[in-house]
Amino acid sequence: MTKTVNHWIGGKTVEGASGDWGPVTDPATGAITTRVALASAEEVATAVARAKEAFTTWGTSSLAQRTSILFRYRALLDSHREEIAALITAEHGKVHSDALGEVARGLEIVELACGITTQLKGELSTQVSSRVDVAAIRQPLGVVAGITPFNFPAMVPMWMFPLAIACGNTFVLKPSEKDPSASMLLAELASEAGLPDGVLNVVHGDKVAVEALLTHPDVAAVSFVGSTPIARSIHTTASAHGKRVQALGGAKNHMLVLPDADLDAAADAAVSAAYGSAGERCMAISAVVAVGAIGDALVEKIRERAEKIVIGPGTDPASEMGPLITKAHRDKVASYVTGAAAQGAEVVLDGTGHTVPGYEEGHWIGISLLDKVSTDSDAYRDEIFGPVLCVLRAETYEEGVALINASPFGNGTAVFTRDGGAARRFQLEVQAGMVGVNVPIPVPVGYHSFGGWKDSLFGDHHIYGNDGVHFYTRGKVVTTRWPDPSEPHGGVDLGFPRND
């Protein structure tokens, strides 16, 4: 029997009223398991109205009240890790261990939100002039919205709403309609933790719901994670409607391997970073730049490791990589591999014909490895978002860095070397927002901010960390003067205030 996923508005499940529904499939079998309600503009407006109403009290609530709820929420999330991970596997397809890792990384931001009391401390300067003090404070924005992608249906929402509500905002989440169930459980657990009705709302939908959030006059800010074309459009539309925007786009993350690197460690890292989560993550390494004469040896080590990866359903403990999210996405990823040889690449591994016995209708694709890829090929220029690793060759460090910096993307990058001086130079010269030194996926911990450069980020703020707090609040400076009780009234002074 097909499950139905409705909306979460005002602290309760609200049945979809638009009459539009989207299918949710089990990627391992290809079967439709769920139907999800697709919100109309009117339903989005209802969620925003509930959030606006809740803000009248939540926005002025004490920090003690907010953090006590968040501490209870953190405990509930911890006790429901397995349940959340199972929903991720069922609808996204990633293996169970990877799903559990996603929940753990989301919990980091909930923990950051639990400590919001120190993040919201203001500044005070006393006696800037005679009996005059100046204070800087931060206040919430109001109703804020989050639009999140399919590849991390629990983690990315948790990168947004816990910090936003800790800062005193109310939140409307529009998760991916491809895997919506995890977001509903997150909302239900928040309510169980004591979050007041309307502070967190979840509306499912497609372009109609997104457009309604971007243009609604009561939405003060929008957070987005997705592809670069959509991120650019989100930023343009929401900014035009006077909203604060952080729109994280796509990536083509490079790993520079220098001649002195430990090739076994570099190969291990490349395989993990390229093929983990079936390559469906914006911090995946999708391009390895081999410098000097090490290219052939490195490619061979990557091939040896990649061929041993066990591909199967996420519910099988033996599986190391699961299927892709949809058949359409699987076919798109495969097209880059089938067309690679004609564009000059050497196809070392071709995973396009992979199937899993007993799950023939699933969205399967195997491991693909392309060597000697040119920078003008489709496989290099586009964000493939699948288990396809491109290897490029460079003669020198300078050539390799120039290649990386020429990319329009600037999300994450890594260098593998034993030379501290080379690593230091790389981290200063490379044009990317997140850099790893012998670390292939340099996703910052929760108290540092996540975000890229160039076409990987539209807006001025990175997500979570200090940038996240600043994004979800706005500054106010208050200048006060209280006359001393013994001071006689001195009359009106028409001059500019003096700093004496």
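The values are calculated or read from the model by the stated rules, or taken from the named source; none is laboratory data. In this text the structure is predicted, and so the values were computed from the model without any measurement. Note that each Cβ is placed from the backbone with ideal geometry, even for glycine, and that neighbours are counted across all protein chains shown. These accessible areas exclude ligands, DNA and RNA; they are computed on the full protein's heavy atoms, side chains included. Shrake-Rupley method; radii C 1.70, N 1.55, O 1.52, S 1.80 Å.
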Check your understanding: Taking region 182-211, which residues are in a helix (DSSP H, G or I), open to solvent by 10 Å² or more (accessible area, probe 1.4 Å), touching a residue at least 40 places away in the same chain (Cβ under 8 Å) and within 20 Å of Phe150 (Cβ to Cβ)?
Key -> Met184, Leu185, Val208, Val210, Glu211
Exercise for review: Please state which of the following conditions Thr170 fails to meet, knowing it meets all the rest: (1) open to solvent by 20 Å² or more (accessible area, probe 1.4 Å); (2) in contact with a helix residue (DSSP H, G or I) (Cβ under 8 Å, 6 or more places away or on another chain); (3) of a type in the set (Ser, Thr, Tyr).
Suggested key: (1)
Check your understanding: Can you name the number of the only condition in (1) touching a residue at least 12 places away in the same chain (Cβ under 8 Å); (2) under 17 Å from Phe161 (Cα atoms) that Ile88 fails?
Key -> (2)
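Given the condition among the aliphatic types (A, V, I, L, M), over 30 Å from Gly115 (Cα atoms), part of a helix (DSSP H, G or I) and in contact (Cβ under 8 Å) with a residue 60 or more places away in the chain, answer yes or no: does some residue in region 42-58 qualify?
Our first condition is that a residue be among the aliphatic types (A, V, I, L, M); within region 42-58, this holds for 44-45, 47-49, 51, 54.
Next, only the ones that are over 30 Å from Gly115 (Cα atoms) stay: 44-45.
Filter once more, keeping what is part of a helix (DSSP H, G or I): 44-45.
From the residues that got through so far, the ones that are in contact (Cβ under 8 Å) with a residue 60 or more places away in the chain too are 44-45.
For region 42-58, residues among the aliphatic types (A, V, I, L, M), over 30 Å from Gly115 (Cα atoms), part of a helix (DSSP H, G or I) and in contact (Cβ under 8 Å) with a residue 60 or more places away in the chain: present.
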Exercise for review: Would you please name the residue that is most open to solvent (accessible area, probe 1.4 Å), looking only at residues in region 308-354 that are hydroxyl-bearing (Ser, Thr, Tyr) and under 26 Å from Leu392 (Cβ atoms)?
Suggested key: Thr338
Practice item. Say whether the condition of being modelled with pLDDT of 95 or more, under 19 Å from Gly276 (Cβ atoms), outside any loop (DSSP other than H, G, I, E, B) and open to solvent by 20 Å² or more (accessible area, probe 1.4 Å) is met by at least one residue in region 356-378. Key: no
Review point. Thr237 is checked against (1) assigned to a helix (DSSP H, G or I); (2) touching an Asp or Glu at 6+ places or on another chain (Cβ under 8 Å); (3) under 28 Å from Gly362 (Cβ atoms) and fails just one. What number does that condition carry?
Key: (3)
Practice item. Determine whether region 265-274 contains at least one residue that is open to solvent by 30 Å² or more (accessible area, probe 1.4 Å), in contact with a strand residue (DSSP E or B) (Cβ under 9 Å, 6 or more places away or on another chain) and either touching a residue at least 12 places away in the same chain (Cβ under 8 Å) or farther than 28 Å from Leu324 by Cα (or both). Key: yes
